[in-house]
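The values are calculated or read from the model by the stated rules, or taken from the named source; none is laboratory data. Keep in mind that what you see is a predicted model, and the values were worked out from it rather than measured. Cβ placement follows ideal geometry from the backbone for every residue including glycine, while neighbour counts extend to all protein chains displayed.
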Amino acid sequence: MLRLISSASMSTVACLPPLFPRPPISNQKLPVNPNQETRQKLQRHLQNQIQFSRRDAAFLSLTSLLPSLFHPSQASAFSIGISGPKDWLKEQKRKSSKFLLAPIDASRQSLLSAYLLLMDKESTNWSKDFEEVKKLLKSAARDCVVQERNSFVAFQANTGVCTFRLIVNNASSLLEKKNTVKLEAEAMLDDLIRYLRYAHLTSLNSLANENDIQVASNRQRVADALKDTLTSLDKFEQGVKDCLEV
């Protein structure tokens with residue numbers, strides 16, 4: 001399996017303010033106090049959540065390498081109106097865009113679910129909500145953010161497969177190295193990872209234990225970070241779509 005080395009290093013929670021200045025709150029209209037029906041939908045999502053396996057990630061990694069096999073020169077281009085291998089690959093990428101974008105949508109659902117849990121003022125099981133929020137944040141990160149302070153676990157996360165980076169590599173593999181669309185998508189990815197890390201560290205700082213989640217201001221602080229992360233995720237998704245021309 002192809003492994004991508006992440007250069008992002010884990011910062012301590014104590015260093016949160018200088019390293020992660022408060023990002024602007026997004027304008028997304030998210031529910032303030034989810035009702036019982038919303039919680040039931042959330043439970044169904046938690047039970048049937050899309051699991052993007054490492055096998056699928058490996059497939060993304062493999063398919064991103066395929067274009068390197070097809071680099072016909074200008075002189076060998078077809079002159080009778082038949083598209084060459086590169087055009088064929090572009091079309092295949094567009095056709096498979098739903099699969100390529102699926103992990104992004106899955107992360108969006110995880111972030112929304114975590115947000116709804118945090119904003120539910122009528123919850124009667126904070127202990128369960130606390131555990132579910134942690135699981136949802138980890139799922140949303142798609143192996144792109146270190147989840148633990150333990151050095152060995154951090155090493156594993158840094159040398160693992162960041163699904164979002166595989167998506168960008170796949171979507172932009174037919175573009176030139178300095179293509180503006182490709183560079184913008186990569187910049188959006190870097191921003192997304194920063195927001196994901198910010199949300200994760202904010203949750204560590206504000207929800208250190210089960211009692212903390214019962215404090216409204218703590219929940220609101222994490223919910224605000226999730227809203228900003230959702231906005232960044234939407235921008236990243238559009239960047240990927242621009243690479244795919246869909």
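Return the only residue of 125, 150 being exposed (fewer than 14 other Cβ atoms within 10 Å of the Cβ) and at pLDDT 85 or above.
Going through 125, 150 in turn, just one is exposed (fewer than 14 other Cβ atoms within 10 Å of the Cβ) and at pLDDT 85 or above: 125.
Here are 112, 166, 101: which of them is modelled with pLDDT of 80 or more, part of a helix (DSSP H, G or I) and either within 30 Å of residue 215 (Cβ to Cβ) or among the hydroxyl-bearing types (Ser, Thr, Tyr) (or both)? Don't jump to the end; show me each part of the working.
Working: 166 fails: either within 30 Å of residue 215 (Cβ to Cβ) or among the hydroxyl-bearing types (Ser, Thr, Tyr) (or both); 101 fails: either within 30 Å of residue 215 (Cβ to Cβ) or among the hydroxyl-bearing types (Ser, Thr, Tyr) (or both).
Only one candidate qualifies: 112.
Given the conditions (1) surrounded by fewer than 19 Cβ atoms within 10 Å (Cβ to Cβ); (2) modelled with pLDDT of 95 or more, which single one is not true for residue 226?
Among (1) surrounded by fewer than 19 Cβ atoms within 10 Å (Cβ to Cβ); (2) modelled with pLDDT of 95 or more, the lone unmet condition for residue 226 is (1).
Looking at (1) at pLDDT 90 or above; (2) touching a Gly at 6+ places or on another chain (Cβ under 7 Å); (3) in a loop (DSSP other than H, G, I, E, B), can you tell me which one residue 184 breaks?
(3)
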